[in-house]
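Report on the structure given below.
We did not get these values from a lab; they are worked out from the coordinates using the rules stated. Note that the structure is a prediction, hence the values are computed from the model and not measured. Neighbour counts are summed over all protein chains in view; Cβ atoms, including those assigned to glycine, are modelled from backbone coordinates with ideal geometry.
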Amino acid sequence: MMRYGFAIDTKRCIGCHTCSVACRIENNLPTGVWWNRALTDGGEHMDTPAGEFPNVSMSYVTVACQHCENPACVKVCPVGATYKDPETGVVRQDYDKCIGCRMCMGACPYTGVRSFNWEEPQHVIDFPVGDAEVPEHQKHVVEKCTMCWHRLAKGEQPMCVTTCLARARFWGDLDDPSSEVATLVRERSSKQLLAEEGTNPSVYYLV
């Protein structure tokens, strides 16, 4: 049994947004849609420090679908469009089954990680720029990070990990104690977002 997940080193992350942009390009995301966001921790606005001068600090938290071990979204989906892959633990979305009820969005405790296509998806460039294996985006469906499922199927890492300039993102099998990601989580101090919700996210933030 595998449980794919991420370890994100908040001490190394520089908030460059490369992971966000790479995700958009790789997955040919519609205009205005972001599956992965680099948020400023503590600051009121993007790239603003926490605290008051001269006692200020700056750090970033990249937020996407947490691919929870106990996903609230899966429990409420009435048609099985949101489901957890039994072999990898990746929380997936079946666009063809989705009826657009958005119950998964209401149940998910992580604000902004899911989006809904109210209209036919529009793109700045009028031809696909992502991987050819990425499913076509559809009107009236919910979307989110797929952990680059099309890349996992080819034995590749998610694009956000591959392109991270600061080498702050790590990915692998959390249930394999010898994997790099499991070792980092075991040996470094880390936190999960909204751990009190009981979803057990598969994203660990190294602090």
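Tabulated values for the structure
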| item | result |
| --- | --- |
| Residue among 188, 169 that alone is basic (Lys, Arg) and touching a Cys at 6+ places or on another chain (Cβ under 8 Å) | 169 |
| Count of the range 136-183 residues which are acidic (Asp, Glu) and under 14 Å from the mean Cα position of the chain (by Cα) | 1 |
| Some residue of the range 47-59 being over 30 Å from residue 132 (Cα atoms), touching an Asp or Glu at 6+ places or on another chain (Cβ under 6 Å) and in contact (Cβ under 8 Å) with a residue 24 or more places away in the chain | yes |
